[in-house]
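Report on the structure given below.
The values are calculated or read from the model by the stated rules, or taken from the named source; none is laboratory data. Note that the coordinates shown come from a computational prediction; the quantities given were computed from them, not determined experimentally. Neighbour counts are summed over all protein chains in view; Cβ atoms, including those assigned to glycine, are modelled from backbone coordinates with ideal geometry. SASA here: full protein model, heavy atoms, side chains in, ligands and nucleic acids out. Shrake-Rupley method; radii C 1.70, N 1.55, O 1.52, S 1.80 Å.
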Amino acid sequence: MKHLIVNADDFGLTTGINAGIVQAHLHGIVSSATLMVHGAAAAEAAAWAREHPSLGVGLHIDLWEHVLRDGEWVRTYEHCAGDADAVLAEIERQLVRFRSLLGREPDHIDTHQHVHRRDPVGDVVRGVAARHGLPLRDHGGLRYVGGFYGQDGMGGPYPEGITPERLMELIDALPEDGVTELSCHPGVVAADDALGGTMYRIERNIEIHTLCDPRVRARLARGDVRLGTFADFAAAAGAAS
C-alpha cells in the first residue's frame, strides 16, 4: 500500500486560494494544507479548517519571498532578518499565531519557497521540528514530491506539469514503502490578481481542475494508494525514518 499526502500550500494567503483549497479537498484529492498565518485570509482559512477536521493542517513557515524579475531573484518582503536568532523568534511567533487560530498544534511544518533546504534556516527549522515533535517536509521518513507544478525553474509556463496525466504519472511512480507528500498550489485567481507579486497565479486555477478530475480520483480509488494526512501516517513515517 502506497501512503500519500496531497498537501496544498499557501492556505490563508487570499480568499481565492482558500476557495481553491476547499474545493480541491471537498471534490478532489487534497488531504492536507499548510497555513500562512500572516496571510490576509488566515482567519477565514482557520475557521473553515476548524469546522472540517478531515483536512489536515500544518504551518507554512513564511519568512520572506523572492520573485524573478528581469532574470534576477528579488526579495519582495520579509518577516525577519536572516540570522538564526531572528528566524527562530519568527517561527515561534508563527507557531503561537497558529495555535491561536486553530486551537491546536500543527500536524506538520514546511517553509514558503523551501527556505529550510539551506542553513542557517534549515538548522533552525529542524531544531523546531524536533523540539515540538512535528513532521518536517522532506525530512526523516517523509518523502517529498514537487513535480506537480506549472512553471519551470525560471518562472516560465510549464502547463504539462499540472495536467491530469502528469498527476497520475506521479501517483503511479510512488514507492511502495514509507510516506510521500505531493505538494500542490490550487486557488481561484483572476488574471490580474498579482497575489502580492508572486509569480504563480493562473496556474492555480488549472490545478483545481486537475486535482478534482474524475480520472485522477478514479486512479486513487484502485486500492493501491491510501490518501491521508500527516497525522494519519505518523506511525508509518516514523517507522521509515
Sulfur and carbon atoms: percent of accessible area, the chain [1.4 Å]: 53
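Return the calculated 222 nm mean residue ellipticity for the chain, to the nearest 500 deg cm²/dmol, obtained by summing -39500 (n - 2.57) across DSSP H runs with n ≥ 4 and dividing by the residue count.
Values: 8 runs with 86 residues, N = 241.
Computed mean residue ellipticity for the chain: -10500 deg cm²/dmol.
Under 8 Å for C-alpha pairs, at least 6 residues apart: give me the relative contact order for segment 47-190, rounded to a whole percent.
On the way: 169 pairs, mean separation 27.3, N = 144.
Relative contact order here is 19 percent.
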Stokes-Einstein D (µm²/s) once Rh is taken as the Kirkwood radius of the chain over alpha-carbon pairs, at 25 °C in 0.890 mPa s: 136
So how do 136-145, 153-162 stack up, highest first, on mean other-Cβ count within 10 Å? 136-145, 153-162
Listed peptides 4-15, 214-225 by packing density, highest first (mean Cβ within 10 Å): 4-15, 214-225
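Which value, in Å², gives the accessible area per residue of the chain when a 1.4 Å probe is used on the protein heavy atoms? Before the final figure, lay out each step's value.
Values: 10500 Å² over 241 residues.
That works out to 44 Å² for each residue.
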Relative contact order [Cα under 8 Å, 6+ residues apart], segment 108-190, whole percent: 26
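Among 85-96, 178-189, what's the highest-first ranking by average C-beta atoms within 10 angstrom per residue? Could you put the intermediate results ahead of the total?
Numbers: 85-96: 17.4, 178-189: 24.0.
In decreasing order of mean packing, 85-96, 178-189 become 178-189, 85-96.
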Cα radius of gyration and Dmax for segment 140-190 (Å): 12.5, 40
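To check you understand DSSP bridge types, tell me what percent of the beta bridges within the chain (both residues inside) are antiparallel, rounded to 5. Don't jump to the answer; show the numbers that get you there.
Working: 7 of 31 bridges.
About 25 percent, rounded to the nearest 5.
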